[in-house]
1. Among the numbered criteria (1) farther than 30 Å from A13 by Cα; (2) out of contact with any Cys (no Cβ under 6 Å at 6 or more places or on another chain); (3) exposed (fewer than 15 other Cβ atoms within 10 Å of the Cβ), which single criterion is violated by Y102?
2. Any residue in region 63-73 that is surrounded by 13 or more Cβ atoms within 10 Å (Cβ to Cβ), of a type in the set (V, I, T) and more than 16 Å from L100 (Cβ to Cβ)?
3. Taking region 22-46 only, how many residues are surrounded by 11 or more Cβ atoms within 10 Å (Cβ to Cβ) and either over 14 Å from M1 (Cβ atoms) or among the basic types (K, R) (or both)?
4. Among strands (runs of 3 or more DSSP E) lying entirely in the chain, which contain 2 or more residues that are acidic (D, E) and without any contact (Cβ under 8 Å) to a residue 60 or more places away in the chain?
5. Restricting attention to region 1-25, report how many residues are more than 14 Å from G82 (Cα to Cα) and either aromatic (F, W, Y) or more than 12 Å from the chain's Cα centre (by Cα) (or both).
6. Given the options G82, G5, name the one that is in contact with a strand residue (DSSP E or B) (Cβ under 8 Å, 6 or more places away or on another chain), at positive phi and of a type outside the set (D, E).
7. For region 54-65, which residues satisfy the criterion of being of a type outside the set (S, T, N, Q) and either under 19 Å from M1 (Cβ atoms) or in contact with a Phe, Trp or Tyr (Cβ under 6 Å, 6 or more places away or on another chain) (or both)?
Amino acid sequence: MELPGYYYQELTAKRVAHLSLRYLIALDHDNRFQLGVEGASAYLDYLSGFEQPSRWQTGAGCAFSYTPRNQWCRLILRYGYGFNAVRDGKEGAHSVGLLLQYDFEQHFKKRRISN
């Protein structure tokens, strides 16, 4: 389960109902630059001892991605806000992430072709 604005594996529950929506917009004709917006919400049945003030957890965010012409990698910069994420006893949290996705197969395929 992925919720914008929350840490990885932050929530602990027995059962979860989760809805996530994401929309990507190409910023150029080659789809090398993309802008995405996303939102997600989950209803949780927490494990004993891991309860939070609300059973609903909701987050929203955006992302900007770049893929070079040779497609050997993808770079993604993400921002998220967790509306119900608890930080210092208060609800609401920001998160920023940078992801580098490297395609080893694409890299070695190009290398074999050039040799």
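Every read-out reported here was derived from the displayed coordinates using simple, explicitly stated rules and does not represent laboratory data. Predicted model only: the values in this text are computed from it and were never measured. Positions of Cβ are generated from backbone atoms using ideal geometry, with glycine treated the same way; all protein chains shown enter the neighbour counts.
1. Checking Y102 against (1) farther than 30 Å from A13 by Cα; (2) out of contact with any Cys (no Cβ under 6 Å at 6 or more places or on another chain); (3) exposed (fewer than 15 other Cβ atoms within 10 Å of the Cβ), the one that fails is (2).
2. No, every residue in region 63-73 fails to be surrounded by 13 or more Cβ atoms within 10 Å (Cβ to Cβ), of a type in the set (V, I, T) and more than 16 Å from L100 (Cβ to Cβ).
3. 11
4. Details: elements: 13-26, 33-46, 56-66, 73-87, 90-102.
By residue number, 33-46.
5. Taking region 1-25 as the starting set, the residues that turn out to be more than 14 Å from G82 (Cα to Cα) are 12-19, 21-25.
Those left that are additionally either aromatic (F, W, Y) or more than 12 Å from the chain's Cα centre (by Cα) (or both): 12-19, 23-25.
So the answer is 11.
6. Working: G82 fails: at positive phi.
Being in contact with a strand residue (DSSP E or B) (Cβ under 8 Å, 6 or more places away or on another chain), at positive phi and of a type outside the set (D, E) holds for just one of G82, G5, which is G5.
7. Start the filter on region 54-65 by keeping residues that are of a type outside the set (S, T, N, Q), which leaves 55-56, 59-64.
Within region 54-65, R55, W56, G59, A60, G61, C62, A63 meet the criteria.
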